1. Among the residues in the range 36-44, are any on the phi > 0 side of the Ramachandran plot and either of a type outside the set (A, V, I, L, M, F, W, C) or in contact with a helix residue (DSSP H, G or I) (Cβ under 7 Å, 6 or more places away or on another chain) (or both)?
2. Testing I69 on (1) surrounded by 19 or more Cβ atoms within 10 Å (Cβ to Cβ); (2) at positive phi, one condition comes back false. Which one is that?
3. Failed condition for T108, given (1) over 22 Å from G32 (Cβ atoms); (2) open to solvent by 50 Å² or more (accessible area, probe 1.4 Å); (3) at pLDDT below 85, with all others met?
4. Among what's in the range 111-157 and is of a type in the set (D, E, K, R) and at pLDDT 75 or above, pick the residue that is farthest from I67 (Cα to Cα).
5. Suppose we keep only residues that are over 24 Å from D95 (Cα atoms) and open to solvent by 40 Å² or more (accessible area, probe 1.4 Å) within the range 28-61. Which one would you say is nearest to the chain's Cα centre (by Cα)?
6. List the pairs whose first member sits in the range 51-64 and is without any contact (Cβ under 8 Å) to a residue 60 or more places away in the chain and under 21 Å from C10 (Cβ atoms), whose second member is among the hydroxyl-bearing types (S, T, Y) and assigned to a loop (DSSP other than H, G, I, E, B), and whose Cβ atoms are under 9 Å apart, counting only residues at least 6 apart or on separate chains?
Amino acid sequence: MPLSPDIMNCPVRVVGDEWDEATQQLRRVAKGTGFCVRVPSESVPNLWYGYLITPQHVVEDQSNVEIDIADPHDPGTLYPRVSVAGWEQPIKELDLAIAPFGPPAGYTVTALELERHLFQHLPSEMLLGATFYYVGLLAPLNRTMARSGVLGAVYQT
């Protein structure tokens, strides 16, 4: 089953600082992948809030987090890099960080939607053997890429 464009265009590259032993200086590097998501307001119909999500370990100890966003209209091209502040770890035991995000004017950004693309709770039935997809922003081609696999374990701590 092919992935829809909204899923293919939601990943971002999270950029931060890393110590370079060779030069004894900080350098900007890709730290990981994040995703654009949007969540409906609980009280205002047709109002959505945008966020970025990534693992907490990607942004912890970073003071200047930026993201690269692929331009879906020009494959291989990135929009100018965007600074993102306000990262929080909502559940201390979970390797998850979120930050509010509204894309800059002129950027075409698609987002995963709660209840359409994201499980609020894992299904009760076993998912072992199910096909899953994972997407990211492939460096150095600056293109979104999807791969698939078979789920080998669920419900583990």
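The values are calculated or read from the model by the stated rules, or taken from the named source; none is laboratory data. Given the structure is predicted, the values throughout are model-derived calculations rather than measurements. Cβ coordinates were reconstructed from backbone atoms using ideal geometry, including for glycine residues, and neighbour counts include every protein chain displayed. The accessibility values were calculated without ligands, DNA or RNA, using every heavy atom of the protein model including side chains. Shrake-Rupley method; radii C 1.70, N 1.55, O 1.52, S 1.80 Å.
1. Within the range 36-44, the first condition is being on the phi > 0 side of the Ramachandran plot, and the residues that meet it are none.
No; the residues of the range 36-44 include none that is on the phi > 0 side of the Ramachandran plot and either of a type outside the set (A, V, I, L, M, F, W, C) or in contact with a helix residue (DSSP H, G or I) (Cβ under 7 Å, 6 or more places away or on another chain) (or both).
2. Evaluating I69 over (1) surrounded by 19 or more Cβ atoms within 10 Å (Cβ to Cβ); (2) at positive phi leaves (2) as the failure.
3. The failed condition is (3).
4. The initial filter retains those residues of the range 111-157 that are of a type in the set (D, E, K, R), namely 113, 115-116, 125, 143, 147.
From the residues that got through so far, the ones that are at pLDDT 75 or above too are 113, 143, 147.
Numbers: E113: 20, R143: 14, R147: 22 Å.
In this case the residue turns out to be R147.
5. Our first condition is that a residue be over 24 Å from D95 (Cα atoms); within the range 28-61, this holds for 41-48.
If we keep only those that are open to solvent by 40 Å² or more (accessible area, probe 1.4 Å) too, we end up with 42-48.
Numbers: E42: 23, S43: 26, V44: 26, P45: 25, N46: 23, L47: 21, W48: 17 Å.
Among residues in the range 28-61 that are over 24 Å from D95 (Cα atoms) and open to solvent by 40 Å² or more (accessible area, probe 1.4 Å), the one nearest to the chain's Cα centre (by Cα) is W48.
6. Pairs that qualify, where the first residue is without any contact (Cβ under 8 Å) to a residue 60 or more places away in the chain and under 21 Å from C10 (Cβ atoms) and the partner is among the hydroxyl-bearing types (S, T, Y) and assigned to a loop (DSSP other than H, G, I, E, B): there are none.
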